Amino acid sequence: MGIISMEKVDHLYWLGRYTERVYTTLRVFFHIYDHMIEQPEGVYAKYCEKLNIPEIYTSNRQFVQSYLFGADNPDSVYSNMKRAYDNAIVLRDELSSTVLSYVQLALDTFESCRKTTAPLLELQQVIDDLLAFWGGADDYVEEEDCRNILKCGKYVERLDLSIRLDYHTKDLEKEYRKLCNRLEKTNLDYSKEKLSRLEAIILQGEDPKSYCQEALACLGGLFT
Amino acid sequence: MRELIEHTEGINRLMARYGVKFGIYKNGEFHEQLFPFDAIPRVITHEDFQQLEKGLIQRVDALNLFLNDIYGEKKIIHDGVIPEEFVFISSGYLPQCEGIIPPKKIYSHISGIDLVLGKDGEWYILEDNLRIPSGASYPMIAREICRRVSPATFGNNSVVDNRNYADMPKETMEWVNTGGIPVIMTPGRYNAAYFEHSYLAERTGSALASCTDLFVEDNHLYYRDYRDRKQKVGVIYRRISDDYLDPMTFLPESLIGIPNIMDVYRSGNVAIVNAPGNGVADDKGIYYFVPKMIRYYLDQEPILKNAPTYLPFYEEDRKYVLDHLENLVIKDVAEAGGYGVIFGNELSSEKLSEMKRLIEKESRRFIAQEVIDFQDMEVMDGDEKVLRKADLRAFVLSGETTRVWPSGLTRFSRNADSFVVNSSQGGGFKDTWVLSQWKK
């Protein structure tokens, strides 16, 4: 159609953010799950602190169940998947039924493997579905504006998580450049001041670890 | 065919993947449910469809003429064919639409006509849906999937392709477009038929808009994009009921709708699909008069039959209804979606008496119909074939010409003793095959 309403821009942006949040946190979770084999109880505490989510878990086992599948846990990966779906479902005409179906499949997988004894085995399918979603978005989403906004959300989220999870400066640089590339193409109004401060922190050698909170604030305030 | 049945589960899995769902409110909470698909199709022969097609076109043409007349000269009332009480006290009659001539004089662009096939082999019309009939998208996507699952089934049977449905509303919308973009307006994702709204937007290439995306300026309707640019809208397929369309004209307390869209429509600057005010023609009370309309406007005998219907409003009919209530179906004219349908034979003697009192007191509120002995259809229940009641919603599109989609939504009851087939009450659906004249 060549026209996108403000409401849809919002949904596209948050669809990008939530799908990326599910994708990255699931991948990170795979490592944590592995660490749990040898590590004592409570290994998840540091992770919660980094992501700034409440540490409400009582055991490794309960963490696995609640953090992955908790429908009542607003910080669970499942809740984020549900939010991705809520944003996607109103975008069928922009995304196409084909692309939307991968979000539906990812959500369905989450719901069907809640009681499994080997969650990582099943959740690999969610990662595959999300990769297919992104591949499909490149191929099927006809409007360039839509793709750019979607990817803008994706890279904001990825950079946000990369900062929180102490990724290496080189990785942060890479994600920052991807974000800038998309931002320029979106025609969205954003704060150039906050972006340049973010650049200073990431590209000009300022230690993002010590400036973590400021970097996150810049990122979070890009569109306000 | 066996192949299709064997893969029913797989077909339903693919439907789930594509989000083929409908919404339902239970205890104030919204739930999305899959619409169960049964792989055994309803099959309509070429000859049978030709007859159906003629009858449906005739009926919808007459209904469109009736709507033009009612909001215009009202000749049918002046000539004593329909009593005015039945028109003006109908909740579907909107005085705000008086004198409006819609683009190309089409009121009902997309009509959903519900029929059943009697055991006598005759089709009977159960009701006309001229407001915002839904359901075409389900068989459309089902066919797409079935063809993938069993190409041989379609290779061996001459089934008319029904996947062109989206082109039909698209062409209708183009025909009445007053100059601007086409828009499908949805009340939002928590509407029961949201899947259809979004799927049709995708397939017709229309913008899917919510009320907040649209606004009126200088007596034109516009769609506002995120860069604050505006695009003129020439046709709006609104999937929202008349009451909520324009708070300045209808319900002032409504928080949804597009303020002043009725002014734009009245000025001929936008086409509204379907037109506001159509409810007067698909009122269950008016249904009784449709055969008379066909004779009056078209000077033809109706091709399709109504189910035998009585209007308690008329003394003679009232007496019959009260005497035979236990054998009749009673319908509350204000209800829809399978609600307000009461089978006399299911009522206790106490409830029967209560119903009789109500009919005497509010005779205009009800119609009564003979229970049609309609053909059961085979449905798979696990590995077993069982018989269930089913109806057919035929879709008739009015644009440059009036056309019938060579397919339809066959809905069936999942309970053995039930006549109610509505999805909101647990029903499922089937594909509807119309056979081509070229046999394989």
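The values are calculated or read from the model by the stated rules, or taken from the named source; none is laboratory data. From a predicted model like this one, the values you see are computed outputs, not experimental measurements. When we count neighbours, we look across all protein chains shown, and the Cβ atoms used for this are built from the backbone with ideal geometry, even at glycine. Note: accessible area is taken over every heavy atom of the protein model, side chains too, but ligands, DNA and RNA are not part of it. Shrake-Rupley method; radii C 1.70, N 1.55, O 1.52, S 1.80 Å.
Data overview
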{"read-out": "Positions within the range B:245-264 being at pLDDT 95 or above and open to solvent by 50 Å² or more (accessible area, probe 1.4 Å), in sequence order", "value": "B:248, B:259, B:260, B:263"}
{"read-out": "Strands (runs of 3 or more DSSP E) contained in the range B:169-234 and holding at least 2 residues open to solvent by less than 20 Å² (accessible area, probe 1.4 Å)", "value": "B:181-185, B:207-209, B:220-224"}
{"read-out": "Number of positions in the range A:11-27 that are out of contact with any Phe, Trp or Tyr (no Cβ under 7 Å at 6 or more places or on another chain) and either of a type in the set (S, T, N, Q) or surrounded by fewer than 16 Cβ atoms within 10 Å (Cβ to Cβ) (or both)", "value": "3"}
{"read-out": "Single unsatisfied condition, residue B:81 versus (1) open to solvent by 20 Å² or more (accessible area, probe 1.4 Å); (2) modelled with pLDDT under 95", "value": "(2)"}
{"read-out": "Residues of the range A:58-87 that turn out to be more than 9 Å from chain B (Cβ to nearest Cβ) and either assigned to a helix (DSSP H, G or I) or on the phi > 0 side of the Ramachandran plot (or both), as a count", "value": "20"}
{"read-out": "Single match in B:301, B:316 (criterion: of a type outside the set (Gly, Ala, Ser), over 16 Å from residue B:76 (Cα atoms) and not in a loop (DSSP other than H, G, I, E, B))", "value": "B:316"}
{"read-out": "Residue in the range B:297-308 that is surrounded by 15 or more Cβ atoms within 10 Å (Cβ to Cβ), modelled with pLDDT under 95, touching a strand residue (DSSP E or B) at 6+ places or on another chain (Cβ under 8 Å) and over 14 Å from residue B:63 (Cα atoms) present", "value": "yes"}
{"read-out": "In the range A:83-121, the residues that are of a type in the set (Lys, Arg) and either at pLDDT below 95 or open to solvent by 40 Å² or more (accessible area, probe 1.4 Å) (or both)", "value": "A:83, A:114, A:115"}
{"read-out": "Matching option when the condition is among the small types (Gly, Ala, Ser) and modelled with pLDDT under 95, among B:10, B:55", "value": "B:10"}
{"read-out": "Meets criteria (buried (at least 18 other Cβ atoms within 10 Å of the Cβ), outside any loop (DSSP other than H, G, I, E, B), without any contact (Cβ under 8 Å) to a residue 60 or more places away in the chain and in contact with an Asp or Glu (Cβ under 8 Å, 6 or more places away or on another chain)) for residue A:202", "value": "yes"}
{"read-out": "Residue ranges of strands (runs of 3 or more DSSP E) in the range B:344-415 with at least 2 members of a type in the set (Asp, Glu) and either under 30 Å from residue B:7 (Cα atoms) or open to solvent by 70 Å² or more (accessible area, probe 1.4 Å) (or both)", "value": "B:376-381, B:384-398"}
{"read-out": "Close pairs (7 angstrom Cβ cut-off, 6 or more residues apart or separate chains): charged (D, E, K, R) in the range A:208-224, assigned to a loop (DSSP other than H, G, I, E, B) anywhere", "value": "A:209/A:166"}
